[in-house]
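Report on the following structure.
The values are calculated or read from the model by the stated rules, or taken from the named source; none is laboratory data. Everything numeric here is computed off the predicted structure, so don't read it as measured data. Calculation scope for accessible area: heavy atoms of the full protein, side chains included, ligands and nucleic acids excluded. Shrake-Rupley method; radii C 1.70, N 1.55, O 1.52, S 1.80 Å.
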Amino acid sequence: EAAVTQSPRSKVAVTGGKVTLSCHQTNNHDYMYWYRQDTGHGLRLIHYSYVADSTEKGDIPDGYKASRPSQENFSLILELASLSQTAVYFCASSDGRPSGNTLYFGEGSRLIVV
Amino acid sequence: GQQVQQSPTSLVLQEGENAELQCNFSTSLNSMQWFYQRPGGSLVSVFYNPSGTKQSGRLTSTTVIKERRSSLHISSSQITDSGTYLCAMGRGSNNRIFFGDGTQLVVKP
């Protein structure tokens, strides 16, 4: 069974609207991440968290907020969606230890902003 | 600038041929992984290999930390190996993870 689940799996949003992408993990991991993937490119880190009620900025945080209300849940919030935020978003979790830091990914959320 | 460089960008093989994918890092790293991404799909860890050589079936990963590089060798490729292979490195005290842009592999019958 999937240990990292994302919702929604796909969404069409209107420019200027609010979008919330949700992620739930059952791995008991401390670290959670939100990545963005644009066609033909690798993943870029938006926000991450290593403890509940705390989030950190990644490499491309502008236009995004994150929320970590519990160890299991991590949300990505687009307050004012823009065309440039059309992409596939991946959530991942890891135990965070440098010696054993394998990432486990969700299935991705495809967002189209029109 | 790009911290993780992958080559080649794309690769087309005939079934049964071998493939060698390369990953180079511009900075020191704590960890490195190879991921496989199905067309339009999620990512699955293929190897977590911060140093040395690891083998799993037809796949072999070799990471040389001092030279800041890692390779993924696929022997006797199969059609089902088609997809994108991404490498990622972890660095810093909080082990931030950075991805390359991937190598798109197509294996033809």
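Within segment B:65-109, the residues that become at least 30 Å² less accessible when every protein chain is included than when their own chain is isolated (1.4 Å probe; DNA, RNA and ligands ignored) are B:ASN94, B:ASN95, B:ARG96, B:ILE97, B:PHE99, B:ASP101.
A simple rule links phi to the HN-Hα coupling: the Karplus curve 6.51 cos²θ - 1.76 cosθ + 1.60 with θ = phi - 60°, which for segment B:73-85 gives 9, 10, 9, 6, 4, 10, 4, 6, 7, 4, x, 10, 10 Hz, with x for Gly and Pro. Only lysine pairs 8 or more places apart or on separate chains count here, and in the protein assembly as shown those with Cα atoms under 22 Å apart total 5.
Buried surface for the B/A pair, taken as the accessible area of each chain alone minus that of the pair with a 1.4 Å probe, is close to 1700 Å² in total. Sequence-ordered 3J(HN,Hα) estimates for segment A:32-41 from the Karplus curve with 6.51, -1.76 and 1.60 and θ = phi - 60° stand at 9, 9, 10, 10, 10, 10, 9, 3, x, 10 Hz, glycine and proline given as x. Only alpha carbons enter this Debye calculation for segment B:1-40, each as an equal point scatterer, and the log10 of I(q)/I(0) it gives at q = 0.20 Å⁻¹ is -0.83. For chain A, taking Cα atoms only, Rg and Dmax work out to 13.2, 43 Å respectively. Per-residue accessible area (protein heavy atoms, 1.4 Å probe) orders B:VAL64, B:VAL4, A:VAL51 as A:VAL51, B:VAL64, B:VAL4, starting from the largest. In the full protein context, chain A carries 47 Å² of accessible surface per residue, based on a 1.4 Å probe and ignoring ligands, DNA and RNA.
Each semi-axis of the equivalent ellipsoid for chain B is √(5λ) with λ an eigenvalue of the Cα gyration tensor; in descending order they amount to 24, 14, 12 Å. Normalised by 2.2 N^0.38 Å, with N the number of residues, the alpha-carbon radius of gyration of the protein assembly as shown equals 1.01.
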